[in-house]
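Here, each number is a calculation from the coordinates, and none is a lab measurement. What you see is a predicted model; the values in this text were computed from it and never measured. Counting neighbours? That spans all protein chains shown, and the Cβs are built from the backbone with ideal geometry, glycine included.
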Amino acid sequence: MPKQASTKSALPALDRSLHILDQIVRSQGPLRYNELRERLSGIQDSSLSRILKALETYGYLHRDAELGYSITAKLRDWSPYLSEKKPDLATLAIKEIDQLAELAQESAAVVLLHDNCLRTQCSRTINEGIQVLGAGERLHFEADHAAAVAVLSALPAAQRKACLQSSYSRFPAKYSFKKIQSEMQQLSGVYIDRSQARPGICRAAKFFEHEQQVGAIFYCLTVDAFHSKSDCLISALSEAAMRLSGSTASPQNSSSSS
């Protein structure tokens with residue numbers, strides 16, 4: 001039998017890669033190249049650069065020109081499997097938003113319905129991207145906002161009517177919700193709007209229900225950007241909504257009008 005080589009001598013690159021990831025995870029924030037080099041005694045610049053590039057290529061690290069290296073959503077996705085505690089909706093929503101924004105390089109958010117009002121659970125605005133509402137901010141029920149229409153479309157008629165008669169509604173005085181719903185573009189259950197208040201901007205939104213909490217997850221971007229990557233965005237939103245719902249079944253939309 002050939003003598004088995006030790007892990008330490010046989011896989012130095014793996015050992016260094018894990019050490020790099022460990023340093024960045026424990027720092028709870030980005031680390032610059034020089035900071036990593038100081039923490040990794042004995043590593044040559046060429047080896048450090050090569051390993052960092054490989055970890056970027058495999059999607060485990062993201063490099064910012066100013067801030068340095070940070071872990072990606074791909075690595076953070078492991079956290080629920082490493083924790084004995086089931087993640088709550090807030091934790092899941094942040095993970096999905098980070099993943100969506102990182103994938104498409106577009107701004108994204110999650111809103112939840114509470115007391116006939118939509119509030120932003122979490123959001124991420126990409127650098128130089130379209131600004132979205134911050135966490136805790138209210139999203140009014142607007143006829144030209146895909147997230148609002150997506151949530152309203154999934155509610156029972158009586159609950160939808162209560163939302164539209166609340167002080168948080170900006171729907172026109174005379175309207176047919178069924179008409180507004182049918183006129184908004186839908187692709188694979190994703191609503192796509194065109195903002196009247198912000199010409200050239202659109203939102204693509206998908207409804208979800210998580211343990212009796214209802215809401216919508218959505219992208220906010222330019223109309224041109226949406227059309228250039230619509231297939232990717234719709235697929236990503238649909239998958240994110242299913243994970244937030246905790247199932248692979250599509251939510252059933254109410255067909256009643258108010």
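Remarks
- Percentage, to the nearest whole number, of Cα pairs in region 7-71 over 15 Å apart: 46
- Net charge over other residues, Cβ less than 15 angstrom from the Cβ of Lys178 (K, R count +1; D, E count -1): +3
- Summing charges over all other residues whose Cβ lies under 14 Å from the Cβ of Asp77, with Lys and Arg as +1 and Asp and Glu as -1, gives 0.
- Calculated on the Cα set of region 87-245, radius of gyration then Dmax: 14.3, 43 Å.
- Amide H within-cut-off set for Arg32, under 5 Å, with H built and near neighbours excluded: Tyr69
- Distant-in-sequence amide H partners of Val214 (H built 1.01 Å from N, under 5 Å): Leu113
- Descending by average beta-carbon neighbour count within 10 Å, the peptides 49-57, 107-115 line up as 107-115, 49-57, the highest first.
- Calculated [222 nm] ellipticity per residue, helices only, for the chain: -12000 deg cm²/dmol; basis is -39500 (n - 2.57) per DSSP H run with n ≥ 4, divided by all residues, nearest 500.
- Restricting attention to the chain, the count of lysine pairs at 8 or more positions apart or across chains with alpha carbons under 14 Å apart stands at 4.
- Highest-fluctuation residue, Glu66, Glu183, Glu239 considered, GNM on the chain with Cα pairs under 10 Å: Glu66
- About the centre of its Cα atoms, the chain shows a dipole size close to 220 debye [charges on the beta carbon of Lys, Arg (+1) and Asp, Glu (-1) only; nearest 20 debye].
- Rounded to 10°, Cα long-axis angle of helix 45-57 versus longest principal axis of the chain: 30
- Summing charges over neighbours of Ser123, with a neighbour being any other residue whose Cβ is under 15 Å away from its Cβ, gives 0 when K and R count +1 and D and E count -1.
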